[in-house]
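Structure first, then comments.
The values are calculated or read from the model by the stated rules, or taken from the named source; none is laboratory data. Bear in mind the structure is a predicted one, so any value in this text is a computation, not a measurement. Every residue, glycine among them, receives a Cβ derived from its backbone with ideal geometry; neighbour counts consider all protein chains shown. Note: accessible area is taken over every heavy atom of the protein model, side chains too, but ligands, DNA and RNA are not part of it. Shrake-Rupley method; radii C 1.70, N 1.55, O 1.52, S 1.80 Å.
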Amino acid sequence: MLKGYKGKLLHIDLAREESKMVTLPEEILRKYIGGKGLGAKLYWDLIPEKIDPLGPENVMMILSGPVGGTIAPGAGKHVIITKSPASKGWLDTYSSGRMTPEMKFAGFDGLVITGKAKYPVYVLIKDERIEIRDAGRLWGKGSFEVETYIKETFHPECGEICIGPAGENLVNFACINSEFFRQAGRGGAGAVMGSKNLKLLAVKGSGGIQVAHLQRLLDLVLKHYTKFKVSPIGIARHR
């Protein structure tokens, strides 16, 4: 398997309350590079042309790229890909936090979420253990309250995404929140999550990720970090 990848996706069918690991062939990962590239391929394969973005046939994907989970800058980014309720077309929207590292550490490169739950639910993933739980107590609450709850009851360093009342009520520009102050905005991915009756998804992994040339990666990161610390632009951004 290519370094940087785990070579698997976790498919969660909310309607059936089932999940399974799906193997990603190396040739697919080489041809469709990164979370956006892989997402474009999956979008083409999995999402029919004329479906309702807020219908159960729509697919929501949370994907990472080959540097996800490493110390490379930007390695905490994830992309959410789905059909947009705002534009009725392709949507790729980005956010950051612990979602990508924890997905990798749990053993997969991304999530593919299909179907619609019969009632509001949230999903907990700890390595290969997946639980779908009743989210009735969380439905109607704001994202900050939901994120505080999952950090306190599941794991303080989990990766998580959630929606607030806008997503629940299918506002077609609703965002998806992560790590309190980060949002996957534009296009209404939060409404897609709400249409699936999915309030929250949290991941915690105990594994790791391999890179092909660890020392070269360390040297490159330290070189640019050193330059960043004395750069006027870097100092301004830090401040």
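Listed values, structure above:
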| item | result |
| --- | --- |
| Any hit, region 55-66, residues being open to solvent by 20 Å² or more (accessible area, probe 1.4 Å) and more than 15 Å from the chain's Cα centre (by Cα) | yes |
| Qualifying positions in region 11-47 - assigned to a loop (DSSP other than H, G, I, E, B), open to solvent by 70 Å² or more (accessible area, probe 1.4 Å) and not hydrophobic (A, V, I, L, M, F, W, C) | ARG16, GLU17 |
| Condition met for GLY55 (at pLDDT below 95 and outside any helix (DSSP H, G or I)) | no |
| Count - residues of region 182-215 that are at pLDDT 95 or above, assigned to a helix (DSSP H, G or I) and over 21 Å from LYS88 (Cβ atoms) | 1 |
| Members of region 58-72 that are of a type in the set (S, T, N, Q) and either more than 16 Å from ASP109 (Cα to Cα) or modelled with pLDDT of 95 or more (or both) | ASN58, SER64 |
| Matching residues, region 1-43, being free of Cβ contacts under 8 Å to residues at least 12 places away in the same chain, under 24 Å from THR93 (Cβ atoms) and charged (D, E, K, R) | LYS31 |
| Any chance ALA166 is at negative phi, out of contact with any Leu (no Cβ under 9 Å at 6 or more places or on another chain) and open to solvent by less than 50 Å² (accessible area, probe 1.4 Å) | yes |
| Test: residue in region 216-228 that is under 24 Å from LYS151 (Cα atoms), among the aromatic types (Phe, Trp, Tyr) and either without any contact (Cβ under 8 Å) to a residue 60 or more places away in the chain or part of a strand (DSSP E or B) (or both) | no |
| Filtered residues of region 149-190 (kept if without any contact (Cβ under 8 Å) to a residue 60 or more places away in the chain, among the acidic types (Asp, Glu) and within 14 Å of MET99 (Cβ to Cβ)) | GLU157 |
| Given (1) at pLDDT 95 or above; (2) part of a loop (DSSP other than H, G, I, E, B); (3) hydrophobic (A, V, I, L, M, F, W, C), index of the condition ALA75 fails | (1) |
| Selection from region 169-198 of residues that are more than 14 Å from the chain's Cα centre (by Cα) and either among the acidic types (Asp, Glu) or on the phi < 0 side of the Ramachandran plot (or both) | ASN169, VAL171, ASN172, PHE173, ALA174, PHE181, ALA191, GLY194, SER195, LYS196 |
